[in-house]
Structure formats: C-alpha cells, structure tokens
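Report on the structure given below.
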Amino acid sequence: MAQQKIKIALAGKPNSGKSSLFNQLTGLNQKIGNFPGVTVDKRTGTCQLDDRNVAEMIDLPGTYSLYPRTLDEKVVAEVFTDQKGKFYPDKVVLVADATNLKNCLLLLTQLMDLKLPTVLALNMVDLAARSGQSIDLKKLEKKLDMPVVLINARNGTGIEKLKSILAGPVKPSSKVIYQADEESKPIVQKIREKFNLTSDYEAYQFLQQSDNLVFLPASEREFIRTSARENKFFAHKYQGAETIMRYEFIQDLLNEVILRSSDEGWKRVSHGIDRVLTHKVGGYIIFFLILFLIFQSIFAWAQIPMDFIDSTFAQLSTKLDHLLPEGPFFELISHGIVPGIGGIVIFIPQIAILFAFISILEETGYMSRVVFLMDKIMRKFGLNGKSVVPLMSGWACAIPAIMATRTIDNWKDRLITIFVTPLMSCSARLPVYTILVALIIPDYKVWGFFNYQGLVLMGLYLLGFLAAILSAFAMKFLIQVKERSYLIMEMPTYKMPKWSNVGFQIIEKTKAFVFEAGKTILAISIILYVLASYGPAEVMNGARETVQKQASGLNLSDSEINERVAAYKLEHSYAGSLGKILEPAIKPLGYDWKIGIALVTSFAAREVFVGTIATIYSIGSTEDQSTIKQKLKSEVNPETGGPRYTLPVGLSLLVFYTFAMQCMSTLAIVKRETKGWKWPLLQLGYMTILAYVSALLVFQLMS
C-alpha cells in the first residue's frame with residue numbers, strides 16, 4: 001500500500017523543546033540548546049508515523065507570536081501565511097513548556113485563528129510534575145478544541161502517542177479567539193476576497209504584515225498597503241489590542257484548567273546555583289576558570305591520541321612508499337594525499353574535547369547564564385545583548401554564528417556583530433594554533449597541572465575576543481545607532497546533561513570538521529602536490545646535474561645528494577615559484593616562500609595551513625617520514641642556519657591567523673546575510689590589514 005506523505009511543522013517559543021522533539025521524531029542529530037539563536041532557520045527531517053503515513057517534519061525557529069521582530073521569526077510568519085509555499089504544513093505541533101504555559105499560548109491562539117490543524121504538545125511534564133503543577137487535560141482539550149498530549153522530548157515519553165495522533169485526522173479548532181473590530185472588517189473582507197484566503201484572520205495577517213509577505217509580487221503588497229492607508233488601518237494600534245485580548249483569553253483558560261499551581265520553591269535549587277554562577281564578581285571568575293579548564297584539557301587530554309594518529313599516518317605513508325610501485329600517481333598518494341589528510345585527522349581529539357565541553361555547558365543550562373553575564377559587558381562596547389550568542393558560537397564556527405545574528409532585530413547592531421564575529425577563534429584555527437604552539441612553546445607545567453601551552457592557547461582565544469569587542473567599539477562610532485534593543489530571555493532550570501545529546505554533538509561536529517574540511521584539503525593537497533612536483537621541464541630535468549656541480553668538492557653521500565636534489569626541485573617547482581613571488585611581501589613577517597604557499601592555500605579554509613605544510617615538507621624530504629611536528633622542528637632557515645620556526649616567527653604566524661579572515665565560506669555567508677559584496681569586502685580588507693600589521697609588529701619587536 002502506498003504511503004501518504006504529509007508536512008508537519010514544529011512551532012513554539014524558544015527553549016520549549018522543539019529541536020529535542022525534532023530529534024526524537026526524525027532521529028537526526030539536530031543541534032539542541034537552551035539559549036536564543038540555536039535554530040536560526042527552518043530544518044527538515046523525515047518521520048515514519050505508522051505503516052501508512054510518513055511525515056516531513058519542519059523544525060521552525062522559536063517565536064512567541066506571528067508578529068516577527070527578527071529574521072528568524074519572519075521565517076515562521078512566512079511559513080504560516082504562504083499557503084502555496086513549499087513548507088506550508090498540513091498539520092502543526094505547538095510545543096509548549098508545561099512549566100510556563102502562559103508564555104507559550106499566544107502563538108497557539110494565532111494558529112487556531114489561522115484554522116491550521118494543530119496538536120498541543122505539553123513538554124517537560126517531568127518538571128511540571130516536580131513543581132507540583134496539575135492540569136485538567138480533558139478540559140484543556142475541550143476549551144481549545146484540539147488534541148493535547150503530554151511529552152518529555154528529552155527521554156521520548158509520549159512520542160508514540162503524539163505520532164499516533166498525527167497519523168490520524170486532525171481538524172482545525174472551531175474556536176475563534178480574536179476577531180477584527182467593526183472598523184477593520186470591510187478591509188479584511190476585501191483582502192480575503194482578493195487573495196482567496198480561507199479565514200478572516202489570515203486576511204488580517206496580510207493586512208498587518210504587508211512588508212513581510214515576500215512571496216507576493218510587489219504590486220500585490222502595494223495593493224494591501226494602499227488599502228490600509230485608504231481605510232486608516234494602523235497596524236501597531238491593532239496589534240496591541242489583539243495581544244491584550246489574547247492574553248485575557250489565555251488567563252481565563254489557565255484559571256479553569258490548572259487544578260494546582262506550581263509550588264513557590266520548586267526552582268529553589270536553580271536560584272541558589274544562580275546566586276553563585278551569576279554573581280557580579282564571582283560569576284565572571286567562575287566563567288573564566290571554566291574557560292581555563294577547557295583550554296588546559298584540550299592540550300592535556302588530547303596529546304596521547306594525537307601522537308597515536310600522527311605516528312599512524314607517518315607509518316602508513318612509509319609503508320605505502322615501499323608497497324606501491326614507483327610512479328607519479330603512487331607518489332601522489334603516499335606523499336600528497338596521505339600526509340594532507342593526516343594533518344587534519346590528527347586534530348580530531350582536540351575538536352572532540354572542545355565540543356564536549358561546549359555541549360555540556362549548553363545541556364546543563366549554564367550557557368544561558370553566560371549570555372546573561374556577558375550581556376552586561378557587551379553593551380559597553382556597543383554590541384546588542386543578543387550579540388553574545390553569535391560571538392560565543394563563533395568559537396565553534398563563524399558560519400552558523402553569523403546566521404545566529406538573525407535574532408538581532410536592530411539591523412545596525414546586527415551588522416556590527418556580523419562584522420566582528422569572524423575575529424572569534426573558530427575551531428578551524430585550532431589545528432593551526434595547536435601545532436604552532438606545540439612547536440614554539442615549551443611543555444612546562446606550573447604547579448604540576450597548568451602548562452604554558454594551555455595558557456598560550458587560551459590567550460589566543462582571548463586575543464580574538466578582545467579584537468572583536470574593540471572593533472565593535474570602533475564601529476559603534478562609525479555607524480551611529482539610534483535604535484535601542486534589549487536582551488529578553490528566560491533562564492531555564494539547571495539540568496543534568498543528556499549524554500546521548502552530548503555524544504551526538506561531538507560526533508556531528510567532528511564529522512562536519514573532518515568531512516567538510518576534508519573535501520577542500522584533499523583537493524588542495526592534490527593540486528599542491530602537482531604544483532610542488534612539477535616545474536619548467538628544463539630546470540627539473542637538469543636538477544641533479546646542477547646540484548652535483550654545486551656540491552662538487554663537498555664529498556656528500558648519495559643520500560645527501562638526493563636530499564639536495566629534492567629541495568632544488570621543490571624550490572624551482574610551480575608552487576615554489578608562487579611562494580617566491582609572495583616572499584618579498586611576507587619576508588618582513590619572518591616567513592619564507594614555503595609559508596607563503598600555505599598562506600595562499602589556507603585562504604580557502606584556515607585548517608588547510610597544516611595540510612599544506614605537511615604536504616610541502618613531505619615532498620621536500622622524500623626519504624624522511626618523520627612526523628609533521630618533527631619535520632617543522634627540523635626545518636632550517638638557510639639565512640641564519642638556525643630553526644625556521646623560531647619564537648618570533650611562530651608568534652607572528654599565530655597572531656596572523658588569529659586576525660586574518662582566511663575563510664571563503666565565511667565571506668560567502670556574510671554576502672548572503674548583508675545582501676551584497678560591500679560588507680564582506682570591507683571585512684576582508686580590515687581583517688587582512690589587521691593581521692598583517694599585527695604579525696609584522698610581533699615579529700619585528702620579538703626579533
């Protein structure tokens with residue numbers, strides 16, 4: 001029997017558990033968090049409701065009502081008003097926090113008036129029961145004229161019952177909560193007839209939100225605006241009256257269906273913890289101690305698995321070198337592809353540890369407190385309070401972080417946040433940081449636990465954060481902001497992390513890092529190997545003869561001659577020629593042409609720097625299969641006779657990568673969010689100049 005496919009939207013306020021329910025229904029590993037901005041766009045997955053029905057689930061961003069103030073809220077309003085749209089649902093699940101029903105029902109009453117077939121899912125029933133709250137479900141169903149189901153989206157309680165209800169017929173509620181007043185009825189009727197709409201409230205929404213109906217042609221939006229002007233319809237005046245009327249209905253409803261209210265002290269433990277973690281002094285100290293612990297752990301716990309991966313790839317490269325027949329293709333595998341991939345896989349332990357900590361902080365509810373704490377600081381630097389979420393997300397990846405700025409309703413504040421977010425040290429910088437820090441900073445320990453490498457790593461993250469807020473402070477004066485906006489968020493109660501969610505986050509983020517970066521790295525490794533292996537035929541064919549002439553009288557062994565031939569070929573290859581073109585510009589920073597090649601290739605993505613370096617040095621010393629770090633440590637500066645990667649060079653490179661854009665994907669997403677090339681190009685120019693000048697100062701002052 002053919003299966004019927006329907007579309008089901010999950011809607012609700014932020015932190016109501018939509019994404020957790022989405023994961024339970026679809027089995028996908030949707031990102032879950034308890035602070036605004038986690039779901040910044042609609043996302044879809046498939047759910048098998050029963051043998052006959054399969055549903056396309058649509059996870060919508062959190063919103064309190066259909067009147068949008070931010071870009072992600074506009075996504076929700078558009079889905080429910082565009083009946084011909086790709087995501088217009090056949091049914092809706094309104095996910096409500098059972099411990100805070102009043103704040104969840106405004107959107108529900110609007111969906112009822114839109115005549116959308118809706119199921120009310122009361123989530124967090126375990127917390128509601130712990131609070132002592134009791135609800136008459138039968139009466140609630142009758143009053144709303146819709147199915148109501150109790151669920152716990154974290155452990156899956158009630159999910160099968162919800163799927164069973166969704167598999168059957170769900171009728172729109174017969175209740176009408178809000179009706180346009182007598183003055184507005186004629187124009188509402190006119191709009192309804194013009195656009196052939198199914199309910200008065202849908203026509204009323206067209207009238208209220210003519211600017212947001214982007215799916216309509218401009219001429220039709222102008223028709224609505226003209227009609228509103230002619231009938232003296234003032235949207236904000238009527239929105240206020242509507243909201244008051246809806247909350248009167250909601251309060252009357254709750255008075256009837258809540259048999260017993262929550263006990264006053266059920267959040268006593270959370271409030272007690274908050275008094276410590278959000279203390280005006282102690283809260284910041286605890287936050288920075290947690291950060292310190294994270295960065296120490298990244299070095300302390302990851303070292304053993306990193307060494308194992310490093311040596312495994314080195315051995316694999318050596319074995320392939322002996323097993324595979326001679327020839328350019330096989331050399332490409334053993335000396336180009338394997339070292340390039342190994343240069344990324346080695347950082348899996350550190351990426352996993354970073355995201356494990358971030359996920360635990362989100363799961364417990366502490367991340368919301370961090371947003372609250374940092375909001376006070378952000379405002380002093382001209383950032384919106386909601387900027388904290390994108391900035392902190394920027395530690396993971398700038399792309400979702402920039403998308404998270406959609407929760408900021410003031411466009412200038414949003415623009416400043418987009419502009420400075422790439423300065424936060426994302427996970428792509430971590431491979432570059434760790435390999436350079438391990439090279440130039442001794443692994444000494446302080447008090448038997450803290451080590452210098454962890455301190456430097458934390459310092460780099462703080463340096464990026466400092467650059468971001470100082471840049472925002474400067475932009476505050478360059479772009480005058482007249483509008484003011486506020487951070488409004490609900491503090492969730494503290495919870496034990498759901499370890500499966502933590503595990504999913506670690507796996508998903510690590511997979512994304514390895515496979516998304518891996519595609520770029522593999523392509524660049526192949527291109528780089530070819531560029532570094534080939535050059536002008538006359539020069540490359542005569543390399544051995546030239547080297548033997550230069551080495552005459554030095555009494556070198558065959559092995560030493562081979563090393564010199566390989567080095568000569570690399571220097572005169574196409575890649576070497578490109579690096580030498582760049583060398584005059586980067587020499588004042590302490591870099592040579594090899595580092596210049598890595599700077600160019602890593603413009604695609606910062607983490608490519610390590611793969612490029614691994615590929616370059618593998619080619620340069622074909623008989624030497626030592627590990628990546630050993631290769632870099634043994635690199636000699638021909639001008640000084642000392643190590644190439646000295647402390648000034650290493651610090652200069654670290655500072656350069658802290659400030660440089662070096663990410664085409666970020667530029668692309670900035671272009672999309674700002675709808676033009678002006679801001680991404682300004683951002684690229686600003687960050688490149690900042691990186692170059694800072695790296696120059698560091699090298700010159702340290703040398």
- Message: Report every pair of residues separated by at least 6 positions or lying on different chains whose Cβ atoms are under 8 Å apart, first residue within region 416-435 and free of Cβ contacts under 8 Å to residues at least 12 places away in the same chain and closer than 15 Å to residue 686 by Cα, second open to solvent by 10 Å² or more (accessible area, probe 1.4 Å) and of a type in the set (S, T, N, Q).
- Response: none
- Note on the structure: If we keep only residues of region 260-305 that are open to solvent by less than 20 Å² (accessible area, probe 1.4 Å) and touching a strand residue (DSSP E or B) at 6+ places or on another chain (Cβ under 9 Å), then the residue nearest to residue 432 (Cα to Cα) is 299
- Can you name every residue in region 325-370 that is over 19 Å from the mean Cα position of the chain (by Cα) and not in a helix (DSSP H, G or I)? 325, 326, 327, 346
- Query: Of all the residues that make up region 578-597, how many are open to solvent by 50 Å² or more (accessible area, probe 1.4 Å) and among the aliphatic types (A, V, I, L, M)?
  - Reply: 4
- Search result, residues across region 459-494 that are open to solvent by less than 50 Å² (accessible area, probe 1.4 Å) and at pLDDT below 85: 479, 485, 487, 489, 490, 492, 493
- Query: Among the residues of region 230-237, is there at least one that is open to solvent by less than 70 Å² (accessible area, probe 1.4 Å), assigned to a helix (DSSP H, G or I) and in contact (Cβ under 8 Å) with a residue 12 or more places away in the chain?
  - Reply: yes
- Mind listing whichever residues of region 557-566 are in contact with a helix residue (DSSP H, G or I) (Cβ under 7 Å, 6 or more places away or on another chain) and open to solvent by 50 Å² or more (accessible area, probe 1.4 Å)? 564
- Message: Against the condition modelled with pLDDT under 90, among the basic types (Lys, Arg) and not in a helix (DSSP H, G or I), how does residue 225 come out, does it pass?
- Response: no
- Query: If you go through region 578-600 one residue at a time, how many are aliphatic (A, V, I, L, M), at pLDDT below 85 and closer than 17 Å to residue 635 by Cα?
  - Reply: 2
- Task: Identify the single condition in (1) free of Cβ contacts under 8 Å to residues at least 24 places away in the same chain; (2) touching a Cys at 6+ places or on another chain (Cβ under 6 Å) that residue 161 does not satisfy, given that it satisfies every other one.
- Result: (2)
- Message: Residues that are touching a Lys or Arg at 6+ places or on another chain (Cβ under 9 Å) and of a type outside the set (Gly, Ala, Ser): does region 305-314 have at least one?
- Response: yes
- Task: Starting from region 587-599, take each residue that is aromatic (Phe, Trp, Tyr) and list its partners that are open to solvent by less than 10 Å² (accessible area, probe 1.4 Å), counting only C-beta distances under 8 angstrom and pairs at least six apart or across chains.
- Result: 591/649; 591/652; 591/653; 593/576; 593/579
- Note on the structure: Residue set 575, 543, 512; condition at pLDDT below 80 and surrounded by 13 or more Cβ atoms within 10 Å (Cβ to Cβ); output residue 512
- Query: Quick one: in region 375-389, which of the residues that are part of a helix (DSSP H, G or I) and buried (at least 20 other Cβ atoms within 10 Å of the Cβ) is farthest from the chain's Cα centre (by Cα)?
  - Reply: 378
- Message: Anything in region 268-311 that is over 31 Å from the mean Cα position of the chain (by Cα) and in contact (Cβ under 8 Å) with a residue 12 or more places away in the chain? List them, or say none.
- Response: 269, 311
- Can we say residue 529 is of a type in the set (Ser, Thr, Tyr), within 30 Å of residue 595 (Cα to Cα), touching a helix residue (DSSP H, G or I) at 6+ places or on another chain (Cβ under 7 Å) and modelled with pLDDT under 80? yes
- Message: Just to confirm my filter: which helices (runs of 4 or more DSSP H) fall fully inside region 84-152 and include at least 2 residues that are open to solvent by 30 Å² or more (accessible area, probe 1.4 Å) and either modelled with pLDDT of 90 or more or not β-branched (Val, Ile, Thr) (or both)?
- Response: 125-130, 137-144
- Does residue 167 satisfy the criteria of being surrounded by fewer than 16 Cβ atoms within 10 Å (Cβ to Cβ), closer than 30 Å to residue 139 by Cα and of a type in the set (A, V, I, L, M)? no
- Message: Would you confirm, using the coordinates I've provided, whether residue 175 is assigned to a helix (DSSP H, G or I), of a type in the set (Lys, Arg) and open to solvent by 70 Å² or more (accessible area, probe 1.4 Å)?
- Response: no
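Give me a count of the residues in region 323-353 that are of a type in the set (A, V, I, L, M) and open to solvent by less than 10 Å² (accessible area, probe 1.4 Å).
Start the filter on region 323-353 by keeping residues that are of a type in the set (A, V, I, L, M), which leaves 323-324, 332-333, 337-338, 341, 344-346, 348, 351-353.
From what's left, open to solvent by less than 10 Å² (accessible area, probe 1.4 Å): 344, 351.
Total satisfying the criteria: 2.
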- Residue under evaluation residue 199, criteria (1) over 30 Å from residue 492 (Cβ atoms); (2) open to solvent by 30 Å² or more (accessible area, probe 1.4 Å), criterion not met: (2)
- Query: Within the group 28, 49, 10, which residue is modelled with pLDDT of 90 or more and either open to solvent by 10 Å² or more (accessible area, probe 1.4 Å) or of a type in the set (Asp, Glu) (or both)?
  - Reply: 49
- Task: Output the residues belonging to region 651-703 that are open to solvent by less than 40 Å² (accessible area, probe 1.4 Å), among the small types (Gly, Ala, Ser) and part of a helix (DSSP H, G or I).
- Result: 652, 685, 691, 694, 695
- Message: Quick check on residue 273: is it assigned to a helix (DSSP H, G or I) and modelled with pLDDT of 80 or more?
- Response: yes
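The values are calculated or read from the model by the stated rules, or taken from the named source; none is laboratory data. Because the structure is a prediction, the values reported are computed rather than measured. Glycine gets a Cβ as well: all are built from the backbone with ideal geometry, and neighbour counts include every protein chain shown. Quick note on the areas: whole protein, heavy atoms, side chains included, nothing else; ligands and nucleic acids left out. Shrake-Rupley method; radii C 1.70, N 1.55, O 1.52, S 1.80 Å.
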